[in-house]
Amino acid sequence: MAKIVNFPRESNGIETNLYDYTGRLGELYSIGEENLKEVFLNMDIALKYVHNHGYCVKSFSPLEIQILNNSPKQIKFNTLLEMPSDYALSERLKNEDIFHSACLQIGIYTNSLRYLKEDFLKENFEEFAKNLPQEDVPYYRGVIQRGAGVYYSDYILEKKKKDLETLEREIDSSEGKNSSKQLVKNNGNFFKEESISNDKINDNIYKQINGLKDTAFINYLAIPTIIIITGITIGIVALFLSLF
């Protein structure tokens, strides 16, 4: 039987759940699209962190996802399940989490979460897409209609890299080349450091699942495993983006 890790709900008055933070179901989200995208980005980063530590999410109910200290960077899934050792099954569970996370995001964007059905969403995605951030439609289409197991944060990072490369090519053919290229470089570094990496925060939030695995075994395999996974991830995301 899979191990369950329950995180106590915070109750000091600073924390809230995703249900309340986004304006409650039945109301159009009230925190603004850019703020909502930030929440979803960090929710995805937390999801990836949980997966990398051998767990998946039991429930994507907005009542079971907390925003701590009123910060969109501090996302806590209240209940986790330990993934099985079988690689194929664990990958399927990861993809299911990515799919359910995308459904949750679409439901909040379109104010349809209360009655949203997966099959209906797949069949009528283009109608939902009209009310999604247009730059993210290819991502949601790939996950919902094609079953792409791509993290939103990986998609955003790869898209940002491509945008910066395009901008750099444009700058190469214009004046002010050196200073502008430095600006592009700085923007790329800022994005990577500030928006994609959130390990310190997640180390603290999910400290209950840290150290549950064999530390010596992890240390022995960590570097080659990270290199292999990173290479595969980059290849998948690049292929995913090339389809659009």
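The values are calculated or read from the model by the stated rules, or taken from the named source; none is laboratory data. Note that the structure is predicted; figures quoted are calculated from it, not measured. As a convention, Cβ positions derive from the backbone with ideal geometry for all residues, glycine included, and neighbour counts pool all protein chains shown. These accessible areas exclude ligands, DNA and RNA; they are computed on the full protein's heavy atoms, side chains included. Shrake-Rupley method; radii C 1.70, N 1.55, O 1.52, S 1.80 Å.
List of remarks:
- The accessible area of LEU89, taken with all protein chains in place and a 1.4 Å probe, comes to roughly 60 Å².
- Area of SER59 that stays accessible when all protein chains are in place (1.4 Å probe, Å², to 10): 40 Å²
- By average C-beta atoms within 10 angstrom, highest first, the peptides 31-39, 102-110: 102-110, 31-39
- Base-10 log of normalised Debye intensity for region 80-127 (one unit scatterer per alpha-carbon) at q = 0.19, 0.23, 0.28, 0.33 Å⁻¹: -0.68, -0.82, -1.00, -1.22
- Simple point charges give the picture: +1 on the Cβ of Lys and Arg, -1 on the Cβ of Asp and Glu, and for region 129-175 a dipole about the Cα centre of about 440 debye.
- Alpha-carbon Rg/Rh ratio, for region 29-153, with Rh computed the Kirkwood way: 0.95
- Over all other residues within a Cβ to Cβ distance under 11 Å of ASP136, the charged ones net out to +1, with Lys and Arg as +1 and Asp and Glu as -1.
- Region 59-135: trypsin sites (Lys or Arg not before Pro) in DSSP coil with no more than 15 other Cβ atoms inside 10 Å: ARG114, LYS117, LYS130
- Computed over region 112-152, the alpha-carbon pair-distance distribution with 10 angstrom bins reads 28, 60, 12, each value a whole percent.
- Debye log10 I(q)/I(0) at q = 0.13 Å⁻¹ for region 49-107, Cα point scatterers: -0.35
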